[in-house]
Amino acid sequence: MTDLLQDDELLLDALRLSLVTGIGPRLTQVLLERFGTPREVLAAPPDMLRAVPGIGPKVAAALFEARSSDAAQLVLARCRQRGVNLLAPHRPDFPNMLREIPDPPAVLYCQGQFEPRDSLAIAMVGSRSCTPYGRQMAEKLAGGLARAGMTVVSGLARGIDGFAHRGALQAGGRTIAVLATGVDEIYPAEHVELAREVAAQGAVVSESSLGQKPLAGLFPQRNRIISGLSLGVIVVEASRKSGALHTARHAMEQGREVFAIPGRIDSPASGGCHDLIRDGARLVTSVDDILEELGPLTEPVAIPKQPPQPPEQSDPPATEEVHSPRELSLSDQERQILSLVPKEPVHIDEILRHADIEHSRILSTLTVLEMKRMVRRYPGGNYCRC
């Protein structure tokens, strides 16, 4: 009980800080780097706050007053009443990928829920006024990535975003929508039903408080969350003035991979994609292009084994560990044999001893895995996972 109360207090402090007018993501991070925690920021005297670059007298006074305001308690009560979860960086359910970026949200409002396998996430963004080609590519790639085990992240906007979410949902995969508005103010309005489907099969999230209406400045700001939740960003179709390019820039700043789908060379709708490819983004023609480019994970992620168990299955679903997104492109047999190979070199006899498969199949599959750069063979018949 004490731990729960302490967690609520820490969450309330993060919420109080996020509700202060004039404090954006970057200024929040500056304050946290200076003082340590939201509680210590709120406890700091006004003269110390004013010494922080970017903090004027009005913001310092607002920070000082926030500690005694009941606004955070009211917001928390509204969230619980509406079934909205509040996540903060100090909590274990806050997405690890998002915690790594330079300016994570102080609080994340969430309908639905994150799962550990959402660490295997890829963002897909593009034009709101997409062409039939853009729609086809978004749905096809999102569906293929979802079937491979990736979570598809996008912004629930018209055009490419909506088709990316739908492609993942139709494939039975997970998808996450990042909003610039409050999670109770779906924009555009025609995506209300799509948002419900996303929340049921993933999560709808925002750093904006409940009731926040669409404002132009909030959309570029939310783009850093789309890229921050992901291992990489795919730009499906974008003109040279598309807001999707902001997400690609955030991805570059955060050290994420950037991919782009080529279009007709004379199509203005793909001009931004062509510029990205010219400047070093990976040209994408298939799902395998994406999976092969994504590097190893910092720690393994457990995903449900393929094919999925029937819905009536009462036992917990069987899982397998994925060390790199490249493993998702392997066949079932290749994955099974790869799971027998440890990170440290081990002799082939040891691998064969633990396998319930014909030795000839293991040896031939290890050769294929070596060609795919998934395992490394050393002199003396030793193997290890790359």
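The values are calculated or read from the model by the stated rules, or taken from the named source; none is laboratory data. Predicted, not measured: the structure shown is a model, and the values here were computed from it. Using ideal geometry, Cβ is built from the backbone for each residue, glycine included, and neighbour counts are taken over all protein chains shown. These accessible areas exclude ligands, DNA and RNA; they are computed on the full protein's heavy atoms, side chains included. Shrake-Rupley method; radii C 1.70, N 1.55, O 1.52, S 1.80 Å.
Listed by first and then second residue, the pairs linking a residue in the range 199-224 that is over 20 Å from residue 88 (Cβ atoms) and basic (Lys, Arg) to a residue that is at pLDDT 95 or above and open to solvent by 60 Å² or more (accessible area, probe 1.4 Å), with Cβ atoms under 9 Å apart and 6 or more places separating them unless they lie on different chains, are 213/187. Being open to solvent by less than 30 Å² (accessible area, probe 1.4 Å) and free of Cβ contacts under 8 Å to residues at least 24 places away in the same chain holds for only one residue in 31, 49, and it is 49.
In the set (1) more than 15 Å from the chain's Cα centre (by Cα); (2) surrounded by 15 or more Cβ atoms within 10 Å (Cβ to Cβ); (3) in a loop (DSSP other than H, G, I, E, B), residue 285 fails one condition alone, (2). Look at (1) at pLDDT 95 or above; (2) closer than 21 Å to residue 328 by Cβ; (3) among the hydroxyl-bearing types (Ser, Thr, Tyr) and you find that residue 270 fails only one, number (2). Restricted to the range 129-154, and to residues there that are part of a loop (DSSP other than H, G, I, E, B) and touching a Pro at 6+ places or on another chain (Cβ under 9 Å), the residue that is nearest to residue 84 (Cα to Cα) is 150. Within the range 147-177, if we keep just the residues that are among the small types (Gly, Ala, Ser) and more than 23 Å from residue 263 (Cβ to Cβ), the residue that is surrounded by the most Cβ atoms within 10 Å (Cβ to Cβ) turns out to be 177. Restricted to the range 301-318, and to residues there that are under 25 Å from residue 141 (Cβ atoms) and surrounded by 12 or more Cβ atoms within 10 Å (Cβ to Cβ), the residue that is modelled with the lowest pLDDT is 306. Across the range 319-344, the qualifying residues are those that are part of a loop (DSSP other than H, G, I, E, B) and open to solvent by less than 70 Å² (accessible area, probe 1.4 Å), and the one among them that is modelled with the lowest pLDDT is 323. Residue 248 falls short on exactly one of the conditions (1) open to solvent by less than 30 Å² (accessible area, probe 1.4 Å); (2) assigned to a loop (DSSP other than H, G, I, E, B); (3) not hydroxyl-bearing (Ser, Thr, Tyr), and that condition is (2).
Residues in the range 20-40 that are closer than 18 Å to residue 94 by Cβ and hydrophobic (A, V, I, L, M, F, W, C): 32 alone. Residues in the range 155-193 that are within 19 Å of residue 119 (Cβ to Cβ) and of a type in the set (S, T, N, Q): 175 only.
The single condition among (1) under 20 Å from residue 254 (Cβ atoms); (2) open to solvent by less than 10 Å² (accessible area, probe 1.4 Å) that residue 143 does not meet is (1).
Taking strands (runs of 3 or more DSSP E) as the structural unit, those lying wholly within the range 173-240 and holding at least 2 residues that are in contact with a His (Cβ under 7 Å, 6 or more places away or on another chain) and not charged (D, E, K, R) correspond to 175-178. Scanning the range 251-263 for residues that are open to solvent by 40 Å² or more (accessible area, probe 1.4 Å) and either among the polar types (S, T, N, Q) or without any contact (Cβ under 8 Å) to a residue 40 or more places away in the chain (or both) yields 252, 255, 257.
Tell me, please, whether a residue that is without any contact (Cβ under 8 Å) to a residue 12 or more places away in the chain, surrounded by fewer than 24 Cβ atoms within 10 Å (Cβ to Cβ) and either farther than 16 Å from residue 126 by Cα or among the aromatic types (Phe, Trp, Tyr) (or both) can be found in the range 182-189. Within the range 182-189, one or more residues are without any contact (Cβ under 8 Å) to a residue 12 or more places away in the chain, surrounded by fewer than 24 Cβ atoms within 10 Å (Cβ to Cβ) and either farther than 16 Å from residue 126 by Cα or among the aromatic types (Phe, Trp, Tyr) (or both). Whenever a residue of the range 116-134 is closer than 16 Å to residue 249 by Cα, its partners that are among the charged types (D, E, K, R), lying with C-beta atoms within less than 8 angstrom and at least six residues away or across chains, give the pairs 124/161; 125/161; 126/161; 126/237; 127/237.
Is one or more of the residues making up the range 202-223 farther than 30 Å from residue 72 by Cβ and open to solvent by less than 40 Å² (accessible area, probe 1.4 Å)? No, there is no match, as no residue in the range 202-223 is farther than 30 Å from residue 72 by Cβ and open to solvent by less than 40 Å² (accessible area, probe 1.4 Å). For the range 227-239, the condition of being surrounded by fewer than 24 Cβ atoms within 10 Å (Cβ to Cβ) and without any contact (Cβ under 8 Å) to a residue 60 or more places away in the chain holds for none of the residues. When you look at residue 108, is it under 17 Å from the mean Cα position of the chain (by Cα), under 16 Å from residue 13 (Cα atoms), of a type in the set (A, V, I, L, M, F, W, C) and surrounded by 14 or more Cβ atoms within 10 Å (Cβ to Cβ), yes or no? The answer is yes for residue 108. In this structure, does residue 101 turn out to be under 27 Å from residue 322 (Cβ atoms), part of a strand (DSSP E or B) and in contact with a Gly (Cβ under 8 Å, 6 or more places away or on another chain)? No.
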